[in-house]
Each structure stands twice: as structure tokens, then as C-alpha cells.
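Contents: one structure, followed by commentary.
The values are calculated or read from the model by the stated rules, or taken from the named source; none is laboratory data. The structure displayed is predicted, hence computed values, not measured ones. We place every Cβ from the backbone using ideal geometry, glycine too, and count neighbours over all the protein chains shown.
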Amino acid sequence: MTDILVIGGGTAGLTAALYASRAGKSVTLLEKESTGGQIVFSPRVENYPGLPGVSGADYAAALTEQAESFGVTIEYAEALGVEADETGFRVRCDDGERTARALILAAGTSHRRLGLPGEEDLVGCGVSYCAVCDGAFCAGGEVAVVGGGNTALTDALFLAGICKKVTLIHRRDSFRGEESLAARLRRLPNVELRLRSAVTELRPADGTLTGIAVRNLDSQAEEVLPVDGLFVAVGQLPQTEIYRGFVDTDEAGYLIAGEDCRSSRPGVFIAGDCRTKAVRQLTTAAGDGAAAGLGACRYIDSL
Ligand code: NAP
């Protein structure tokens, strides 16, 4: 049995593990894919204090190394279910079971789909949720980005650097993302902003996306745009299904906890984007990690 099991290896989970391990607890971090979380796909992080312009991949690699240097054990497996028993917590994983005296849930979020017919079949064949991963497949071509948050804006900026044309499609007439990013996009000659617009249809040929139908939400006029790629950046969904009923969640599925990261169940802490909170950023994920890591240490000391 480990003192603390951290589930999720993004910024929140790695920071929590680092703090708890440095405080002398045995800590295992469980990650189902690779550590670092979604920031790995950001080519340039401009707003992390003290690290201007660091690449997401370099930042994630450094944080992983830092956590391991303080004694964190990283194991690659997927958590499938969790329950409490008299000694602590049992986590059922795809490779067996793990037990811990305290849990830190830092499971993050996954990409929301548009929900259009054929969308799943076209993933990897023209539809993508990661511009940095897949943008190069469309280099020199014409692409569209859907969404109005910081992800859509940074994706459009990145794609404008490698594609002939980028059309950014957003359902409202103002952006949820930062104005400084939108201002940079407006200055680019190869970027077209289509506001008050929605993608209504995906048009494939021979199993590959070749065009999208775009509707103007005011005039209802519809137009087909030929595209080599559609990059969907319409937000995130919490990866919290297995925790529903185990700890309290809100109506969207986020795990309820305040700034001390304590969940509704003693000994279980919530950190990062899967927690109910107003601002989901690298900095707030790191802050959650510190609060959850130290909170879990205090909990164990109180047993
Ligand atoms: P987000 O901020 O939740 O934005 C999602 C966008 O998608 C919104 O503009 C939303 O429109 C739109 N949308 C949602 N559902 C839609 C649908 N079904 N059809 C069409 N459009 C839809 O998500 P995000 O951009 O992924 O960002 C997530 C978090 O990460 C945010 O806190 C963001 O600030 C942060 N982030 C930060 C950076 C950075 O460099 N600072 C970079 C990336 C992400 P409405 O606006 O109309 O709701």
C-alpha cells in the first residue's frame, strides 16, 4: 500500500505527487497514456510565470523529471473503478489493483466533440482535436478551426503559420479566449474569421474530409467550404465517469472541491481541470497540485 495514489499525470497530478513525495510520503502516480497532460501539445506557453515561451513538451518533460527526482513512482495503467475500505482506498486498474491511504484525483479533461454525423469516422482522416499533432498533415492547404476559446485561437495562430488559409468558425460574435490572441489573428492575411457561424455538415470523399457546410446563424445562409482539415476546439469534458457516486460532482461532471482541493469524501483530494473552479490554466493546475499534495499529507498525518 502506498501512502498516496495520484491518478492523472498532467501538471496538477505531477505537482501534487512532487509536493507529497518531497514531504516524505510514498507516492505512486498513475497515468494511462503519457505524462504531461494536454500542455504537451502547446508549441509555446506564453503565460506561465517565469518561463516565457517555453514549449509545452519541454515544460512537461522537466516537470516529470522533477517529480521523479523527488522519489515519485510513475506507473502506466488506467484506473477503472475506485472504492473505500477500512484501510484506505482500492483502485481497480486495467493491470490489477492498487491500494493507498489517500487519493488525489487529477484526471483532467477530454476534447468535446461537435456531435456531427460521421465525425468519429473522420477522426484522423481530416477531423482533428489537436492542431499541433495533426496540423502538419495539412501544411500548405486550407483548413478550418471551430471554437472561440483560447485553444481555438492558439490553434488558428499555429495553423496560420503552416497553412495557405485558415477559417476560424465561432458561434458567437465575441471570443471567450484572450483578446490579445484574437487581435493577432485579425492581423494575419491568411486568416478569415466567420463569427455567428456553425459547422452543420462534414463532407467526405473516399473516407477523407474534403469540405464542411457552414451556416451563418443570423441569415441562415449555408455555404460549403473546401477544406483539407477541420480542427475542433470546442472545449473540454471532465474525465470523471468512474468517480460519480464516489465523490460529489456538479451537473457537468466536474468533481466538487474548493481551493483546499478536499472532496466530499475524507482522504480524497481533487486537483486540476477536473475540479470545479473558475479558471483552468497551467498555473491553477500547479496551485491545485500543491494544495492537494500537502492536504493529502496532512490527512495521512491525522490518521
Ligand atoms: P473553452 O474556453 O471552454 O472554449 C470552448 C469554445 O468552444 C467556446 O468559445 C464555446 O463557445 C465553443 N463551443 C462549445 N461547444 C460548442 C459547440 N457544440 N459548437 C460550437 N462551439 C462550441 O475551451 P478551450 O478553448 O479548450 O480552453 C479550455 C481552458 O484551457 C480555458 O480555461 C482556456 O483559457 C485554457 N487554455 C489556455 C491557453 C493559454 O494559452 N492561455 C491555451 C489553451 C487553453 P461559447 O464561447 O459560445 O461558449
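For the range 104-126, residues that are within 16 Å of the ligand (Cβ to nearest atom), under 19 Å from the mean Cα position of the chain (by Cα) and in contact (Cβ under 8 Å) with a residue 60 or more places away in the chain total 9.
Just one of the listed residues (Ala213, Ala205, Ala221) is within 15 Å of the ligand (Cβ to nearest atom), farther than 28 Å from Gly108 by Cβ, surrounded by fewer than 21 Cβ atoms within 10 Å (Cβ to Cβ) and not aromatic (Phe, Trp, Tyr), and it is Ala213. Each residue in the range 230-250 was checked for being surrounded by 17 or more Cβ atoms within 10 Å (Cβ to Cβ) and within 15 Å of the ligand (Cβ to nearest atom), and 8 pass.
Out of the range 183-202, which residues are surrounded by fewer than 20 Cβ atoms within 10 Å (Cβ to Cβ) and either away from the ligand (no atom under 16 Å from the Cβ) or part of a helix (DSSP H, G or I) (or both)? Hits for the range 183-202 are Ala183, Arg184, Arg186, Arg187, Leu188, Pro189, Asn190, Val191, Glu192. Scan the range 159-187 and report the pairs whose first residue is β-branched (Val, Ile, Thr) and whose second residue is more than 8 Å from the ligand (Cβ to nearest atom) and outside any strand (DSSP E or B), with Cβ atoms within less than 7 Å and a gap of 6+ or a chain change. From the range 159-187, the pairs are Ile162/Gly135; Ile162/Ala136; Ile162/Ala139; Val166/Ala156; Val166/Leu159; Val166/Ala160; Val166/Asn190.
Among the residues of the range 230-243, those that are within 24 Å of Arg101 (Cα to Cα) and in contact with a strand residue (DSSP E or B) (Cβ under 9 Å, 6 or more places away or on another chain) comprise Gln239, Thr240, Ile242, Tyr243. Only a single criterion out of (1) near the ligand (Cβ under 10 Å from one of its atoms); (2) buried (at least 24 other Cβ atoms within 10 Å of the Cβ); (3) more than 21 Å from the chain's Cα centre (by Cα) is not satisfied by Ala100, namely (1).
In the range 127-140, the qualifying residues are those that are within 14 Å of the ligand (Cβ to nearest atom) and part of a helix (DSSP H, G or I), and the one that is surrounded by the fewest Cβ atoms within 10 Å (Cβ to Cβ) is Val132.
Considering only residues in the range 141-169 that are assigned to a loop (DSSP other than H, G, I, E, B) and within 6 Å of the ligand (Cβ to nearest atom), the one that is nearest to Leu230 (Cα to Cα) turns out to be Gly147. One residue stands out among those in the range 251-285 that are hydrophobic (A, V, I, L, M, F, W, C) and within 13 Å of the ligand (Cβ to nearest atom): the one that is farthest from Gly10 (Cα to Cα), which is Ala252. Filtered by the rule that a residue be touching a Ser or Thr at 6+ places or on another chain (Cβ under 6 Å), under 22 Å from Glu83 (Cβ atoms) and touching a residue at least 60 places away in the same chain (Cβ under 8 Å), the range 241-282 gives Val247, Leu255, Ile270, Cys274.
Rundown of residues vs (1) more than 21 Å from Asp3 (Cα to Cα); (2) part of a loop (DSSP other than H, G, I, E, B); (3) among the β-branched types (Val, Ile, Thr); (4) modelled with pLDDT under 95, yes/no style:
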residue	(1), (2), (3), (4)
Gly258	yes, yes, no, no
Arg265	no, yes, no, no
Phe269	no, no, no, no
Lys277	yes, yes, no, no
Ala291	no, no, no, no
Asp301	no, no, no, no
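Look at (1) touching a helix residue (DSSP H, G or I) at 6+ places or on another chain (Cβ under 7 Å); (2) crowded, with 18+ Cβ neighbours inside 10 Å; (3) part of a loop (DSSP other than H, G, I, E, B) and you find that Ala107 fails only one, number (1). Scanning the range 79-95 for residues that are outside any strand (DSSP E or B), in contact with a strand residue (DSSP E or B) (Cβ under 9 Å, 6 or more places away or on another chain) and crowded, with 20+ Cβ neighbours inside 10 Å turns up nothing.
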